[in-house]
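Here's the structure we're looking at; comments come further down.
The values are calculated or read from the model by the stated rules, or taken from the named source; none is laboratory data. Only a predicted model underlies this, so the values are computations on that prediction, with no experimental measurement involved. Backbone-built Cβ (ideal geometry, glycine too); neighbour counts: all protein chains shown.
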Amino acid sequence: MVFNYENGEANRAIQRLLSGKTMNLRGLHTHIGTFILDANAYYWAAKALLDLATRIEQDHAIVLDYIDLGGGFASQNTLHSQYTPGEFASPSFDQYATAIGNAFNESHFVSEHLPTLVLETGRALVDEAGYMISSVLGKKNLPTGERAIILDAGVNTAITAWWYKLKVSPTRSFPGAYQNTVFYGPLCMNIDIIRPAIPFPDLHFGDKVLITPVGAYNNTQWMQFIEYRPQIVMITETGQTELIREAESLQDVTNRERIPEHLRKI
């Protein structure tokens, strides 16, 4: 459940929890949003939790063990709504750390009790580590004058394409003039767009492109829809490759399906 801090709901929830005398209050947690581009937002979030921790100590004589500021830390991906590229618009780890550190340094609760700070930085840590290689299935010219390229990777495997301006790069030199190109997936739906129009050289069936960064949320949210999910390869520090997930087959899709006996007779 989620409890509002400003209107006192969180404090009432704490009082009710303690009155039951069946649970121990050990820490506080907040999650202020997703892809937070203002590092100072974490200053105010940390300050609020630390103020609440102080009040809990004063009112109930309970010293909390940890403060969890949740996630929402932005990677260097670029949102569709952004004009400035993510590598320039997204706060650095130092900026996030400074904002949080300022709140902790100002808190008497921290100086007296040194609570553990918990951060959920998954996206910011792994997003840039993910790359996807995709092959061209076909192409056509659109009425707008743009070129449409159909890839074998769609939003079923790269769902973050819905909110990120994913980078699409050629894997070799392609001759010819650049033309605005829209990259579509193979899912036969108008929402299956990997990347809106960008200048790109001409491609042909079987050519490969590199899509980045796709390290966060794609593997946890991908789905078996029209296309099987691909294999995943890890590149080690020495440049060697290791297969860490095999590509799917029809058996993976149907393995858990069960047909009731009375339907087998039909």
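Among the numbered conditions (1) under 28 Å from ALA74 (Cβ atoms); (2) assigned to a loop (DSSP other than H, G, I, E, B); (3) more than 23 Å from the chain's Cα centre (by Cα), the only one that PRO199 does not meet is (2). The criterion of being at pLDDT below 95 and buried (at least 16 other Cβ atoms within 10 Å of the Cβ) holds for ALA10.
Could you pull out the residue among THR236, THR171 that is exposed (fewer than 13 other Cβ atoms within 10 Å of the Cβ), touching a strand residue (DSSP E or B) at 6+ places or on another chain (Cβ under 7 Å) and more than 19 Å from SER135 (Cβ to Cβ)? Please lay out each step first, then the result.
Values: THR171 fails: more than 19 Å from SER135 (Cβ to Cβ).
Only one candidate qualifies: THR236.
Taken as a whole, the structure leaves ALA39 outside the set of residues that are surrounded by 14 or more Cβ atoms within 10 Å (Cβ to Cβ), within 21 Å of PHE109 (Cβ to Cβ) and small (Gly, Ala, Ser).
Kindly establish whether GLY176 is assigned by TED's automatic domain parsing to the domain that holds GLY71 and either surrounded by fewer than 19 Cβ atoms within 10 Å (Cβ to Cβ) or over 12 Å from the mean Cα position of the chain (by Cα) (or both).
Working: assigned by TED's automatic domain parsing to the domain that holds GLY71: no; either surrounded by fewer than 19 Cβ atoms within 10 Å (Cβ to Cβ) or over 12 Å from the mean Cα position of the chain (by Cα) (or both): yes.
No, not satisfied.
Beta carbons closer than 6 Å, at least 6 apart along the sequence or on distinct chains, pair a first residue in segment 80-108 that is farther than 14 Å from THR121 by Cβ with a second that is part of a helix (DSSP H, G or I) and not charged (D, E, K, R) for GLN82/ALA89; ASN102/TYR43; ALA103/TYR43; ALA103/ALA46; PHE104/VAL110; SER107/LEU50. Go through the residues of segment 58-76 one by one and say whether even a single one is more than 31 Å from the chain's Cα centre (by Cα), farther than 30 Å from ILE211 by Cα, of a type in the set (D, E, K, R) and surrounded by 13 or more Cβ atoms within 10 Å (Cβ to Cβ). No - not one qualifying residue is present in segment 58-76. Determine whether segment 141-150 contains at least one residue that is at pLDDT 95 or above and either closer than 22 Å to THR34 by Cβ or of a type in the set (Val, Ile, Thr) (or both). So far as segment 141-150 goes, yes, one or more of its residues are at pLDDT 95 or above and either closer than 22 Å to THR34 by Cβ or of a type in the set (Val, Ile, Thr) (or both). For the subset of segment 179-191 comprising residues that are touching a residue at least 12 places away in the same chain (Cβ under 8 Å) and exposed (fewer than 14 other Cβ atoms within 10 Å of the Cβ), which member is farthest from GLU87 (Cα to Cα)? Per the stated criteria, the residue is CYS188.
Based on this model, can you work out whether PRO175 counts as in a loop (DSSP other than H, G, I, E, B) and under 26 Å from ARG147 (Cα atoms)?
On the way: in a loop (DSSP other than H, G, I, E, B): yes; under 26 Å from ARG147 (Cα atoms): yes.
For PRO175, the condition - in a loop (DSSP other than H, G, I, E, B) and under 26 Å from ARG147 (Cα atoms) - is met.
Of the residues making up segment 213-241, those that are farther than 14 Å from LEU187 by Cβ and either under 18 Å from the mean Cα position of the chain (by Cα) or not acidic (Asp, Glu) (or both) number 20. The criterion of being exposed (fewer than 14 other Cβ atoms within 10 Å of the Cβ) and either among the polar types (S, T, N, Q) or farther than 30 Å from TYR178 by Cα (or both) holds for HIS108.
Among the residues of segment 221-263, the one identified as part of a helix (DSSP H, G or I), touching a residue at least 24 places away in the same chain (Cβ under 8 Å) and of a type in the set (D, E, K, R) is ASP252.
Do we have any residue at all in segment 192-214 that's touching an Asp or Glu at 6+ places or on another chain (Cβ under 6 Å), surrounded by 20 or more Cβ atoms within 10 Å (Cβ to Cβ) and not basic (Lys, Arg)? Yes - at least one qualifying residue is present in segment 192-214. Looking across segment 80-93, the residues that are surrounded by 15 or more Cβ atoms within 10 Å (Cβ to Cβ) and of a type outside the set (Gly, Ala, Ser) come down to GLN82, PRO91.
The helices (runs of 4 or more DSSP H) falling completely within segment 1-109 that include 1 or more residues that are charged (D, E, K, R), under 30 Å from LEU166 (Cα atoms) and outside the structural domain of VAL214 (by TED's automatic domain parsing) map to 86-89, 93-106. In the set ILE266, ILE244, ILE194, only one residue is modelled with pLDDT under 90 and of a type in the set (A, V, I, L, M, F, W, C); that residue is ILE266.
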